[in-house]
Protein chains: 6
Amino acid sequence: MAGRVEAFRNQRTSLNKATLEGGTLVTKRFFNLDTRCYEAGVLDAKTKQMLGLAASLVLRCDDCITYHLIRIAEVGGTKEEIAEVLDIGLIVGGSITIPHIRRAHEVIAELFPGDE
Amino acid sequence: MAGRVEAFRNQRTSLNKATLEGGTLVTKRFFNLDTRCYEAGVLDAKTKQMLGLAASLVLRCDDCITYHLIRIAEVGGTKEEIAEVLDIGLIVGGSITIPHIRRAHEVIAELFPGDE
Amino acid sequence: MAGRVEAFRNQRTSLNKATLEGGTLVTKRFFNLDTRCYEAGVLDAKTKQMLGLAASLVLRCDDCITYHLIRIAEVGGTKEEIAEVLDIGLIVGGSITIPHIRRAHEVIAELFPGDE
Amino acid sequence: MAGRVEAFRNQRTSLNKATLEGGTLVTKRFFNLDTRCYEAGVLDAKTKQMLGLAASLVLRCDDCITYHLIRIAEVGGTKEEIAEVLDIGLIVGGSITIPHIRRAHEVIAELFPGDE
Amino acid sequence: MAGRVEAFRNQRTSLNKATLEGGTLVTKRFFNLDTRCYEAGVLDAKTKQMLGLAASLVLRCDDCITYHLIRIAEVGGTKEEIAEVLDIGLIVGGSITIPHIRRAHEVIAELFPGDE
Amino acid sequence: MAGRVEAFRNQRTSLNKATLEGGTLVTKRFFNLDTRCYEAGVLDAKTKQMLGLAASLVLRCDDCITYHLIRIAEVGGTKEEIAEVLDIGLIVGGSITIPHIRRAHEVIAELFPGDE
């Protein structure tokens, strides 16, 4: 499991490069807007990343879940806070989210190694 | 538009009663769990309601959106905070969420009448 | 609420007529296949309608839910059986299905008037 | 049924105004991008609107379907072309799209009155 | 392909352990409820597992599909019954379910080796 | 990455065979209908494949996306046309489609090697 986060980061960087090279001006602008909407505003960056995690969980996108977990850890979120975000996703989205929650815990274990 | 929030509350109360009467023990327990997961824990109640709103928006459920908007207003959330939650939903979920965001603004206008 | 089922039946018949008139051969064949897949085979008609209900609930389509509720009642299903089908949908699909379950109970009340 | 298209246009204009007033800079930029991506490029405007229709149908958004049907008619698309777009959505998205296809035919009947 | 079912069982057990350890009381209670709703009630266990399969197929969750296929085989369901459940999912959910149906047949081949 | 398209084709052929052998008459007829709806009619084959791509992208099915990319290339579609189809999917479906768009660009790179 070691390196799951690092592998995700490397692949994401490489594929984003290809996507932006192959994409149109609309693609590029959307990517900018996507970055911008998670910047601190009235809500702080951690809350926004948690909102992104909840949305990604109920839409069941593993890559998006991994990305927001990494970002939450980077801006100071804790394992306990993440667990409560996952609960909202589980209750709203139902048991169909469980396989994604299982995989999220693998990423969480790597992001918070001292907490195990 | 006046009374949209009140009408929603009344209909929800009435239908929940019928649902719990017609439902099984599993139904009742799920409803309890649904209430419980939004109670303040490591995350406060407002953050949890905003997570519920983001999840409801990307899953495009108008009743759920209305419910969380009402609850956010009740626990002290502002129009400006809601706007940033809706933006995360819009970017994650795409233009398909726009009709729901439009209808959300009708509810917001009623919940925050002094802000217009 | 009285007449909800009758109104649904009338509107569905009328719109299906327009849909088939405006549709292509592919549309017509799909409609035939849709009818055929609910006919008794290794599984009986009631089980198949319940499968259609579970699928419709987690995909959150009120018209489809109403249709399968009507059909289940027609082939001899009971309120208690329907309640257990709705529970599977609720657990698999989460709280986002609740508004649809609430509306389903309005249809159920009309389909099983003697059971109230 | 008469006036369905006109009513949709009026409500959409009015609610979009409220949405943009209540929205953030991210909201406004997304709306701009949404408009821009349907402008003729390598693909012509009609093809792009048909792509929007197919996407809206499988995601089952009636407002979005109505919008793209209106736009297709405005840029010269025919009832026969629309029927084939709806077929792709029906086959890809399944019978769960049928209630939306039924309602689409009500809009189509109003958009192409001479064709009845 | 041999061992697909066994590998699934092992990974599921291991990840569920991590999920419950990292999860909250809400998580644990949801998992209990999830187990409980498939227990025989008015409907028997096989019918409930088939309902879970239909719901999982239209929501397109491979892990959930595999789980319900295994459980159906355990409680005495046949390949022919499963084929009819998959058909309901295919018709309701459309061609987008086909990749999941293809993968389901790999699991079915392993669960019913004598039937090939 | 070389061989991604070939591997997909081989696996699809092999699994479709198993699916049709294990499937019912409904399954077989659906597969026929699925093929038929992409045949040139009022709309040409390329437009229909692009409609299938847009629908597959917003429903986020990698196998379906790969299939339609291959077919678009076979009937003469270009990288630039595909980029505009992906943009419609991105705007309609939101950032949740991005991981699928990234993977689509890997397939595109293999399908259009001379364009890099």
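Every number here is computed from the coordinates shown, using simple stated rules; none is lab data. Just so it is clear, the model here is predicted, and its values are computed rather than measured. Backbone-built Cβ (ideal geometry, glycine too); neighbour counts: all protein chains shown.
Counting 0.36 nm for each residue step from F:GLU6 to F:ASN32 and taking away their Cα separation leaves a gain of 7.0 nm.
Computed over chain D, the per-residue total of -39500 (n - 2.57) for DSSP H runs of n ≥ 4 gives a 222 nm mean residue ellipticity of -24500 deg cm²/dmol, rounded to 500. Applying a 4.7 Å cutoff between beta carbons, the unpaired cysteines of chain D are D:CYS37. Evaluated at q = 0.18 Å⁻¹, a Debye calculation over the C-alpha positions of segment A:1-66 (equal weights, vacuum) places log10 I(q)/I(0) at -0.89. Compared with the alpha-carbon gap, the fully stretched path from C:GLU80 to C:THR13 is longer by 21.3 nm at 0.36 nm per residue. About its Cα centre, the dipole of the protein assembly as shown is roughly 0 debye, where the only charges are +1 on Lys and Arg Cβ and -1 on Asp and Glu Cβ.
What would the Debye formula give as log10 I(q)/I(0) at q = 0.13, 0.17, 0.26 Å⁻¹ for the alpha-carbon point model of segment A:56-116, no solvent? With one equal scatterer per Cα and no solvent, log10 I(q)/I(0) is -0.29, -0.50, -1.14. In plain terms, the C-alpha convex hull of chain E casts an average shadow of 7.9 nm² when viewed from every direction. For A:LEU25, the distances from its label point to the matching points in the remaining copies are 2.0, 4.5, 5.7, 5.7, 6.4 nm, ordered from shortest, with each point set 7 Å beyond Cα toward Cβ. Both numbers refer to the Cα atoms of the protein assembly as shown; Rg and Dmax are 23.9, 72 Å.
Taking each of B:LYS46/E:LYS17; E:LYS48/F:LYS17; C:LYS17/D:LYS48; D:LYS48/F:LYS79; A:LYS17/F:LYS46; B:LYS28/E:LYS28 in turn, the alpha-carbon distance tops 19 angstrom for B:LYS46/E:LYS17; E:LYS48/F:LYS17; C:LYS17/D:LYS48; A:LYS17/F:LYS46. Phi angles across segment A:83-91 convert, under the Karplus curve 6.51 cos²θ - 1.76 cosθ + 1.60 with θ = phi - 60°, into 3J(HN,Hα) values of 4, 6, 5, 4, 4, 4, x, 5, 6 Hz, Gly and Pro given as x. Each other residue within a Cβ distance under 13 Å of A:PHE31 adds +1 if Lys or Arg and -1 if Asp or Glu, for a net charge of +4. Summarising the rotation from chain F to chain B, the nearest chain F beta-carbon to the axis and its distance in Å are given as F:GLY94, 1. Of interest is the spacing of the C-alpha centroids, which for segment E:14-38 and segment D:75-116 amounts to 44 Å. Each of A:LEU57, A:ILE98, A:LEU33 was scored by the projection of its Cα onto the charge dipole of segment A:22-116, and the greatest displacement toward the positive side belongs to A:LEU33; charges sit on the C-beta of Lys, Arg, Asp and Glu. Computed from backbone phi with θ = phi - 60° and the Karplus coefficients 6.51, -1.76 and 1.60, the 3J(HN,Hα) list for segment F:93-101 is x, x, 5, 5, 7, 4, x, 6, 5 Hz; x is used for glycine and proline. Remark: label point of E:VAL42 defined 7 Å out from Cα along the Cα-Cβ vector; separations to the same position in other copies 2.7, 4.1, 4.6, 4.6, 5.6 nm, ascending.
For chain A, the relative contact order works out to 30 percent when only alpha carbon pairs closer than 8 Å and six or more residues apart are counted. Each other copy holds its own label point for B:GLU74; taking that point as 7 Å from Cα along Cα to Cβ, the gaps run 3.7, 4.0, 4.1, 4.1, 5.6 nm, nearest first.
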